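Right, one structure below, let's go through it.
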Amino acid sequence: MAAQPAAKRAKKEVEPKFTSEQIELQQGKGSKGRGSGPGGFFWHIWVEGKRRGCVFINKISEPPINKEHASIQIFINKSDQGKGIGRIAYSRACLLSFYDEVYAYMRKNNKASIRAAVAAGFIELSLKTSQVIMKWIRPK
């Protein structure tokens, strides 16, 4: 059976984006390298009673920052990506941590994560690296 032209394929229904009120971060224990170390945080991301991913902050000291700093990572279930969960989870995790600055490292081709981080208040740093490095600063 031949593939249908793109125009004739059934369009996937786009689910509505979740609101901030629907998204809850529940603190967890984390694991090695995923928020369980000194200065680390780990949260499960829950939306409408279903676990949709996790977000964690580790304290690291790596180039090009070259000083100890907080680094955030987020993982959203594939089926839940593109629904606004990441932007809210990025922002809320940073606010729940006690850090005044949090860095995010991501691949340059990860446009969705970059957009989510920008929406959460991260700014892209002008550093010559193989990754995009972004920084969040706690509002005064």
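All of the numbers you see were taken from the coordinates with simple rules; none came from a lab. If you're wondering where the values come from, they're calculated on a predicted model, not measured in any experiment. Here the Cβ is made from the backbone with ideal geometry for all residues, glycine too, and neighbour counts use every protein chain on show.
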What is the distance, in nm, between label points placed 7 Å from the Cα along the Cα-to-Cβ direction at Lys135 and at Lys29? 3.6
Relative contact order in percent for the chain (Cα pairs under 8 Å, 6+ apart) equals 17
Tell me the chymotrypsin sites (Phe, Trp or Tyr not before Pro) within the range 82-128 that lie in a loop according to DSSP and have at most 11 other beta-carbon atoms within 10 Å. Phe98
Roughly what % of DSSP beta bridges within the chain run antiparallel, to the nearest 5? 90
To the nearest 500 deg cm²/dmol, what mean residue ellipticity at 222 nm is calculated for the chain from DSSP H runs of n ≥ 4 alone, each contributing -39,500 (n - 2.57), summed and divided by the residues? -4500 deg cm²/dmol
If amide hydrogens are placed 1.01 Å from N in the peptide plane, which non-local residues have theirs closer than 5 Å to the one on Gly53? Ile45, Asn77
Considering amide H positions built from the backbone, and no H for Pro or chain starts, which residues 5 or more places from Gly121, or on another chain, come under 5 Å of its amide H? none
Give the residues of the range 42-62 whose amide nitrogen is closer than 17 Å to a point set 7 Å from the Cα of Glu21 in the direction of its Cβ. 47-49
Against the longest alpha carbon principal axis of the chain, how many degrees, from 0 to 90 and to the nearest 10, is the axis of helix 85-96 turned? 20
Highest-fluctuation residue, Arg107, Arg87, Arg52 considered, GNM on the chain with Cα pairs under 10 Å: Arg107
